[in-house]
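Encoded as structure tokens, the structure appears first; notes follow it.
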Amino acid sequence: MASKRGALIVLEGVDRAGKTTQCKKLVQALQASGRPAEMMRFPDRTTTIGQLISAYLEKKSDLEDHTVHLLFSANRWELVPLMKQQLDRGITLVVDRYAFSGVAFTSAKPGFCMDWCMKPDVGLPKPDLVMFLQLNPAEAALRGQFGSERYETSAFQKSVQQKFKQLMKDPSVNWKVIDASKNVDDVHDDIKHHSLNAISAAENTPLGELWKGG
Ligand code: ADP
Ligand code: FDM
Ligand code: MG
């Protein structure tokens, strides 16, 4: 009999909401309690495709908007065999951004509809849990200035936030909204609580396919 699979857990949210901080803390807490867990992040800038994306984000290169959207998606697909292998081995994956960022960021650009943006990611491993770290722009601003990467402006981020709101209406995805304005430890407690539930539930359910079948 196969052993129990790991859960696919995704953190999404606005810039400076605490995604990276919380992914690291969650992985540490899971490992410390004897649950195998690994962190992943998208874009994964270490692959050949990831390096193209990284140069684009750092404004060292320009790419046509459809092209870069498809590269972000390809960067997820190239990691799918590894993700499935780890989940099958019982490792829980904690992922910093996923296809939801892909859709929210590209569809915030003029001339892109959400439907087109979702298509390349249809059929990706479906997260067992997606936590959206909610933080208003005024509080995000207290955590520091925007960086110098592409997309790091308040007007664009506002538009991205609206797109995430739309995506969160989809009942086929297990969304939980997290109040990211609390201190790091309190946010972590909320995230851990939802994650432990998702890990238990995933043990008895096969991995799903994202945005497939309505
Ligand atoms: P993200 O990955 O969502 O952009 P980070 O985890 O990099 O966010 O955090 C952005 C900044 O805010 C960092 O300087 C981090 O130390 C700080 N930070 C993260 N979580 C909190 C929190 N709950 N309260 C205050 N500051 C935080
Ligand atoms: N981003 C991220 C996209 O535009 N599409 C995607 O599919 C993904 C995963 O890349 F501006 C954007 C979102 C953000 C940038 O920044 C990645 P971080 O700081 O590495 O999360
Ligand atoms: Mg981050």
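The values are calculated or read from the model by the stated rules, or taken from the named source; none is laboratory data. Quantities reported herein were computed from a predicted structural model and do not represent experimental measurements. Note that each Cβ is placed from the backbone with ideal geometry, even for glycine, and that neighbours are counted across all protein chains shown.
The selection criterion, being farther than 19 Å from E152 by Cβ, within 15 Å of ligand 1 (Cβ to nearest atom) and either of a type outside the set (S, T, N, Q) or at pLDDT 95 or above (or both), holds for L26.
Find the helices (runs of 4 or more DSSP H) located wholly in the range 86-145 whose residues include 1 or more that are in contact with a Lys or Arg (Cβ under 9 Å, 6 or more places away or on another chain), in contact (Cβ under 8 Å) with a residue 24 or more places away in the chain and within 16 Å of ligand 3 (Cβ to nearest atom), and list them.
Working: elements: 99-107, 114-118, 137-142.
Hits in the range 86-145: 99-107, 137-142.
Against the numbered list (1) in a loop (DSSP other than H, G, I, E, B); (2) within 20 Å of E78 (Cα to Cα); (3) within 16 Å of ligand 3 (Cβ to nearest atom), G6 comes up short only at (3).
Results for (1) touching a Phe, Trp or Tyr at 6+ places or on another chain (Cβ under 6 Å); (2) among the β-branched types (V, I, T); (3) away from ligand 1 (no atom under 16 Å from the Cβ); (4) farther than 19 Å from D44 by Cα, shown as yes or no for each residue.
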{"position": "K109", "(1), (2), (3), (4)": "no, no, yes, yes"}
{"position": "V130", "(1), (2), (3), (4)": "yes, yes, no, no"}
{"position": "L135", "(1), (2), (3), (4)": "no, no, no, yes"}
{"position": "P171", "(1), (2), (3), (4)": "no, no, yes, yes"}
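Sub-8 Å Cβ pairs linking a first residue in the range 184-197 that is over 14 Å from I9 (Cα atoms) to a second residue that is among the β-branched types (V, I, T) and within 16 Å of ligand 3 (Cβ to nearest atom), at least 6 apart or interchain, are V184/T21; V187/I178, ordered by first then second residue.
Does F132 satisfy the criteria of being under 19 Å from the mean Cα position of the chain (by Cα) and either buried (at least 17 other Cβ atoms within 10 Å of the Cβ) or among the charged types (D, E, K, R) (or both)? First the steps, then the outcome.
Details: under 19 Å from the mean Cα position of the chain (by Cα): yes; either buried (at least 17 other Cβ atoms within 10 Å of the Cβ) or among the charged types (D, E, K, R) (or both): yes.
In short, yes.
Screening the candidates A37, A29, A7 for the property of being out of contact with any Pro (no Cβ under 9 Å at 6 or more places or on another chain), more than 22 Å from M118 (Cβ to Cβ), surrounded by 21 or more Cβ atoms within 10 Å (Cβ to Cβ) and among the small types (G, A, S) yields one hit, A37.
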